[in-house]
Amino acid sequence: KNPIGVVVIGNLEGDRVHQNSKDMVRKSLKKAQFKAIDIGKDVSADMFASKAIELNADIIAVSINTSMARDNLNKLLPAIEAAGLKGKVTVMVGGVAVDKDDAEEAGVLYGDTREEAVALAKQAIKKT
């Protein structure tokens, strides 16, 4: 089957530990017919951008489960813009250390649950 979209997923820099929530979202995206590629833990904003280019991603999904990772959220959009991906890729975040206000401040989408992540991803694909 052809995937309905390509998602790059990982933990933002500052989180080397947490894996469960990222894995649950990745599996839910796969069930929803997305190609979801896990690029690991402690991933820099620049690496998210370069992996999105390399894998021709439609969506970047970022798991934020520590305050250190949340502090790096403000680096995400500038890295995506610098890579020429603004308007070409949708960025969404979730995790225990981030909320809707953090996401809005950073200019990205927020999903509280894996179901919300799938719904956001489907909405993003419809827009392209």
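The values are calculated or read from the model by the stated rules, or taken from the named source; none is laboratory data. It should be emphasised that the depicted structure is a prediction, and the values quoted were computed from it without experimental measurement. Ideal geometry is used to build each Cβ from the backbone, glycine not excepted, and the neighbour counts take in all protein chains shown. Accessible surface areas use protein heavy atoms only, side chains included; no ligands, DNA or RNA. Shrake-Rupley method; radii C 1.70, N 1.55, O 1.52, S 1.80 Å.
Brief remarks on what is shown
- Among the residues of region 66-105, those that are within 12 Å of residue 12 (Cβ to Cβ) and among the polar types (S, T, N, Q) comprise 66, 67, 72, 74.
- Listed by position, the strands (runs of 3 or more DSSP E) enclosed by region 13-124 that each have at least 3 residues that are more than 23 Å from residue 1 (Cβ to Cβ) are 90-94.
- Selection of first residues in region 28-43 that are over 28 Å from residue 74 (Cβ atoms) and of second residues that are at pLDDT below 95, restricted to Cβ pairs under 8 Å at least 6 apart or on distinct chains, gives the following pairs, ordered by first then second residue: 33/1; 33/3; 35/3.
- Every condition in (1) within 14 Å of the chain's Cα centre (by Cα); (2) within 18 Å of residue 12 (Cβ to Cβ) is met by residue 122 except one, and the failing one is (2).
For every residue, the table says whether it meets (1) open to solvent by 10 Å² or more (accessible area, probe 1.4 Å); (2) without any contact (Cβ under 8 Å) to a residue 24 or more places away in the chain; (3) touching a strand residue (DSSP E or B) at 6+ places or on another chain (Cβ under 6 Å).
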{"position": "76", "(1), (2), (3)": "no, no, no"}
{"position": "87", "(1), (2), (3)": "yes, yes, no"}
{"position": "97", "(1), (2), (3)": "yes, no, no"}
{"position": "104", "(1), (2), (3)": "yes, yes, no"}
{"position": "108", "(1), (2), (3)": "yes, no, yes"}
